[in-house]
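The values are calculated or read from the model by the stated rules, or taken from the named source; none is laboratory data. Computed from a predicted structure; not experimentally measured. Here Cβ is always computed from backbone atoms with ideal geometry, including for glycine, and neighbour counts include all displayed protein chains. Accessible surface areas use protein heavy atoms only, side chains included; no ligands, DNA or RNA. Shrake-Rupley method; radii C 1.70, N 1.55, O 1.52, S 1.80 Å.
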Protein chains: 2
Amino acid sequence: MAKAGAKRGSYHHGDLARALEAAAITVLEERGPDGLTLREVAAAVGVTHAAAYRHFEDKTALLAAVAEQGFRALALGLAAAVDREPGDALARLRAFGEAYVAFALDHPAQYGVMFGPRLNESGRFPSLEDAIGEVVTIVAKDIKAGQAAGRVRPGRTRDIGMSIWIFSHGYAELVHRRRVKVKNRAVALEYFQTLFAPVLRGLEAE
Amino acid sequence: MAKAGAKRGSYHHGDLARALEAAAITVLEERGPDGLTLREVAAAVGVTHAAAYRHFEDKTALLAAVAEQGFRALALGLAAAVDREPGDALARLRAFGEAYVAFALDHPAQYGVMFGPRLNESGRFPSLEDAIGEVVTIVAKDIKAGQAAGRVRPGRTRDIGMSIWIFSHGYAELVHRRRVKVKNRAVALEYFQTLFAPVLRGLEAE
DNA sequence: ACCTGAACACCGTTCAAGT
DNA sequence: ACCTGAACACCGTTCAAGT
């Protein structure tokens, strides 16, 4: 049982670290954020669970790697969505929020790890912090452009970015917890637009 | 070690169920949402961990009871805060959001349980659902009053309530995860007001 | 009726030992 | 240098046995 799951080649001289990260994401999306065990991840890769400790200090370190990879993927997705948007600064902010929610909906378990366990207490994993910084940078850029164009209300750019993050994250969270009830992905995104529009209106220049 | 913690009286004919709930909340706020074990809760009450199963079907059921109690306390706090507010409907909505965030900040671990583990998948714990309903009812009442007074934008009451919930929850979540950086409770509440004001402005009648 | 004691399967972590 | 095997302490859950 422990050696099921194939992967014939030995990981001697392979990249076990990345193989474990990838397997962790797979297991995560199958079993949910709580069901992840180091032992199953190792088994999925065809290796003893103790082998993981050669590459990750502990289970938290593996989760931090998964979270970091998630934030980098999120940043790429957000940048692409914003660049794809032909409208003005406000339209780009709307696209940002929608792409953010879409990522959370499409990777629920990974998103759960990104925000779930209190990773990075006491500043372990500085590269995780860097990855989060990328996300923040993306909104900030468009908010400044919007302010320069007189479409977004003046004031601290960071505050406006936070508001957008808070609302997008809060929405994704409550959908995951089934407190916002939506039938499917399409409806979830549509309902987000409905709720997000008035919020954005509050962030417009008067 | 297992019998430390005092509580001289036998729980034979006492209310072990509620004693376990109370102990769970204490342990939770000390150890954090992840560090809670059934065994430590039982030990804190002076009972074998197996005894808990006479009162709760499993660990999840105990957590659900903790969550339910949390939602009821939250509803009481929100109702009190709103009633204390002398201003108009919008001021009451602001008071609602602030009281919501205050509760989350003051009971971080319990709040984590209320939204953390995927409790209540497949409709176990219907009374938990009831408790959540109380919270929703409170906002709805004031939104309707605000709409009647022409202060809150017309449209689906539920949507506006959701937006307020989403923003308050999202803020509390990101503070807990240290993604919103604030020095202390007072600053956290003040910063919430700063961010919440423009959002509320978007929900005003035009 | 309510709780204890002991067992079971499972987990994260460690470490000597193999190659 | 990298992985295995076996051990350790701990967990949730179950159940026969005590009172």
Open item on the list: Tally up the residues in the stretch A:64-111 that are within 30 Å of residue A:49 (Cβ to Cβ) and open to solvent by 30 Å² or more (accessible area, probe 1.4 Å), please.
Closed with: 7
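This table checks each residue for (1) farther than 30 Å from residue A:57 by Cα; (2) hydrophobic (A, V, I, L, M, F, W, C).
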{"residue": "A:120", "(1), (2)": "no, no"}
{"residue": "A:127", "(1), (2)": "no, no"}
{"residue": "A:136", "(1), (2)": "no, yes"}
{"residue": "A:150", "(1), (2)": "yes, no"}
{"residue": "A:168", "(1), (2)": "yes, no"}
{"residue": "A:187", "(1), (2)": "yes, yes"}
{"residue": "A:194", "(1), (2)": "yes, no"}
- [ ] Take the stretch A:186-199 and flag every residue that is within 10 Å of chain B (Cβ to nearest Cβ) and not hydroxyl-bearing (Ser, Thr, Tyr).
- [x] A:192, A:195, A:196, A:197, A:198, A:199
Open item on the list: Which pairs turn up if I take residues in the stretch A:124-139 that are touching a residue at least 24 places away in the same chain (Cβ under 8 Å) and look for partners that are among the hydroxyl-bearing types (Ser, Thr, Tyr) and surrounded by 13 or more Cβ atoms within 10 Å (Cβ to Cβ) with beta carbon separation below 9 Å, at least 6 apart in sequence or on another chain?
Closed with: A:124/A:60; A:125/A:60; A:135/A:100; A:139/A:157
Task: Tally of residues being of a type in the set (A, V, I, L, M, F, W, C) and either facing chain B (nearest Cβ under 7 Å) or without any contact (Cβ under 8 Å) to a residue 40 or more places away in the chain (or both) across the stretch A:166-180 - done: 4
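Determine which member of the set B:90, B:78, B:74 is more than 16 Å from DNA strand C (Cβ to nearest atom), touching a strand residue (DSSP E or B) at 6+ places or on another chain (Cβ under 8 Å) and not charged (D, E, K, R).
On the way: B:78 fails: touching a strand residue (DSSP E or B) at 6+ places or on another chain (Cβ under 8 Å); B:74 fails: touching a strand residue (DSSP E or B) at 6+ places or on another chain (Cβ under 8 Å).
Step by step, each of B:90, B:78, B:74 is checked, and only B:90 is more than 16 Å from DNA strand C (Cβ to nearest atom), touching a strand residue (DSSP E or B) at 6+ places or on another chain (Cβ under 8 Å) and not charged (D, E, K, R).
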Task: Selection within the stretch A:38-47 - of a type outside the set (A, V, I, L, M) and near DNA strand C (Cβ under 8 Å from one of its atoms) - done: A:39, A:40
Task: Residue check, residue B:92 among the basic types (Lys, Arg), away from chain A (no Cβ under 13 Å), farther than 30 Å from residue B:23 by Cβ and assigned to a helix (DSSP H, G or I) - done: yes
Task: Every residue from the stretch B:148-163 that is in contact (Cβ under 8 Å) with a residue 12 or more places away in the chain and either more than 10 Å from every other protein chain (Cβ to nearest Cβ) or over 19 Å from residue A:176 (Cα atoms) (or both) - done: B:149, B:150, B:151, B:152, B:153, B:154, B:157, B:158, B:160, B:161
Task: Positions within the stretch A:49-69 being within 14 Å of chain B (Cβ to nearest Cβ) and either at pLDDT below 95 or more than 13 Å from DNA strand C (Cβ to nearest atom) (or both), in sequence order - done: A:67
Open item on the list: Being closer than 30 Å to residue B:119 by Cα, more than 11 Å from chain B (Cβ to nearest Cβ) and modelled with pLDDT of 95 or more: is that true of residue A:107 here?
Closed with: yes
- [ ] Could you list, in sequence order, all residues of the stretch A:147-178 that are surrounded by 22 or more Cβ atoms within 10 Å (Cβ to Cβ) and of a type in the set (D, E, K, R)?
- [x] none
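Among the residues of the stretch A:122-141, what is the count of those that are open to solvent by less than 70 Å² (accessible area, probe 1.4 Å) and in a loop (DSSP other than H, G, I, E, B)? Break it down stepwise before answering.
Let us first name the residues in the stretch A:122-141 that are open to solvent by less than 70 Å² (accessible area, probe 1.4 Å), namely A:123, A:125, A:127-129, A:131-133, A:135-136, A:138-140.
Now drop any that are not in a loop (DSSP other than H, G, I, E, B), which leaves A:125.
The total comes to 1.
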- [ ] Specify which of the listed residues (A:144, A:183) is in a loop (DSSP other than H, G, I, E, B), away from chain B (no Cβ under 12 Å), open to solvent by 70 Å² or more (accessible area, probe 1.4 Å) and of a type outside the set (Ser, Thr, Tyr).
- [x] A:183
Task: Pick from the stretch A:10-29, criterion open to solvent by 50 Å² or more (accessible area, probe 1.4 Å) and more than 13 Å from DNA strand C (Cβ to nearest atom), ranking: farthest from the other protein chains (Cβ to nearest Cβ) - done: A:15
Open item on the list: I need the full set of residues from the stretch B:46-69 which are within 25 Å of residue B:135 (Cβ to Cβ) and either assigned to a helix (DSSP H, G or I) or away from DNA strand D (no atom under 12 Å from the Cβ) (or both), in order please.
Closed with: B:59, B:60, B:61, B:62, B:63, B:64, B:65, B:66, B:67, B:68, B:69
